[in-house]
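The next block holds one structure in the form of structure tokens; read it before the comments.
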Amino acid sequence: MDQPASPLEAVRARIAQSARIAGREPEAVELVAISKTHDAAAIEPLLEAGQRVFGENRVQEAQAKWPDLRGTYPDVKLHLVGQLQSNKADDAVALFDCIHSLDRPSLVTALGKAMEKAGRQVPCFIQVDIGEEEQKGGCPIAEVPALLASAHGAGIPVVGLMCVPPAGIEAAPFFALLAKIAADNGLEQLSMGMSEDFETAVLLGATHVRVGSALFGSRT
Ligand SMILES: *Cc1c(COP(=O)(O)O)cnc(C)c1O
């Protein structure tokens, strides 16, 4: 086999291979390139290579970086993958095309109001505390149905579930559990898998993988 020419091509090839093993179409998996901490100079080669979906974890950092890049690449889609403070809901709705971190009732209220005010419906994933880790963000598993109902009531389009499994142990059982909770709640999309485990996530049904360091190198 030929050596992939770039990290982007390598990651895309690994996603495609995992999808084929699982009997899925490679196009069914969206690669969200997580560009947090990286500047425009690091991001531009990916844009030039055709990557259009990027993720950031801080509203302010994204506001500083992306308006200029979007001037050159207007078809970029920006995803928010980090914890969102309610007082930043308006900014997030204005800037992002998808939010992966809807995780609590107060944020449902804030995002519902922000979307109504802006006249802009931003698709959201409910982030689930899949490993029941207190220090991590995410909605407790038992509270997913109630949060989903209140999000629908607030007019927020919830498209799926997102998780960050506990560090240092095999992620597969957590990905499988997230897929089951999504199916139980009639949700079709799954945001799961990062640089260390995105192939496993694709095998278990991920529709969105969030890959940073495998594309950009490690963050300092
Ligand atoms: C940083 C981050 C990623 C990407 O992590 P890598 O290990 O660099 O691929 C994915 N998801 C979330 C929520 C992140 O904060």
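The values are calculated or read from the model by the stated rules, or taken from the named source; none is laboratory data. Just so we're clear, the structure is a prediction, and the values are computed from it rather than from any experiment. Cβ atoms come from the backbone with ideal geometry, glycine included; neighbour counts cover every protein chain shown. Protein only, heavy atoms only, side chains kept; ligands, DNA and RNA dropped before computing areas. Shrake-Rupley method; radii C 1.70, N 1.55, O 1.52, S 1.80 Å.
For region 46-70, the tally of residues that are open to solvent by 60 Å² or more (accessible area, probe 1.4 Å) and more than 20 Å from residue 209 (Cα to Cα) stands at 6.
Condition check for residue 134 on (1) within 12 Å of the ligand (Cβ to nearest atom); (2) open to solvent by 20 Å² or more (accessible area, probe 1.4 Å); (3) modelled with pLDDT under 95: one failure, at (1).
Mind checking which pairs have a first residue in region 81-106 that is open to solvent by less than 20 Å² (accessible area, probe 1.4 Å) and a second that is among the basic types (Lys, Arg), Cβ under 9 Å, 6 or more apart or different chains? Cβ pairs passing all conditions: 82/36; 82/58; 89/113; 93/117; 93/120; 96/77; 98/77; 100/210.
Condition test on residue 113, is it modelled with pLDDT of 95 or more, among the basic types (Lys, Arg), outside any loop (DSSP other than H, G, I, E, B) and surrounded by 14 or more Cβ atoms within 10 Å (Cβ to Cβ)? For residue 113, the condition - modelled with pLDDT of 95 or more, among the basic types (Lys, Arg), outside any loop (DSSP other than H, G, I, E, B) and surrounded by 14 or more Cβ atoms within 10 Å (Cβ to Cβ) - is met. You will find that of 205, 155, 119, the residue that is touching a Leu at 6+ places or on another chain (Cβ under 8 Å), more than 16 Å from the ligand (Cβ to nearest atom) and open to solvent by 10 Å² or more (accessible area, probe 1.4 Å) is 205 and no other.
Every test in (1) near the ligand (Cβ under 9 Å from one of its atoms); (2) open to solvent by 40 Å² or more (accessible area, probe 1.4 Å); (3) under 17 Å from the mean Cα position of the chain (by Cα) is passed by residue 212 save one, and that test is (2).
Within region 169-199, being within 16 Å of the ligand (Cβ to nearest atom) and more than 14 Å from residue 130 (Cβ to Cβ) holds for 189, 195, 196, 198, 199. Given the conditions (1) more than 14 Å from the ligand (Cβ to nearest atom); (2) over 29 Å from residue 43 (Cα atoms), and given that residue 129 satisfies all but one, which numbered condition is not satisfied? So residue 129 meets the others, but not (1). Taking the criterion of being touching a residue at least 12 places away in the same chain (Cβ under 8 Å), assigned to a helix (DSSP H, G or I) and more than 24 Å from residue 93 (Cβ to Cβ), the residues of region 31-75 that qualify are 42, 44, 45, 46.
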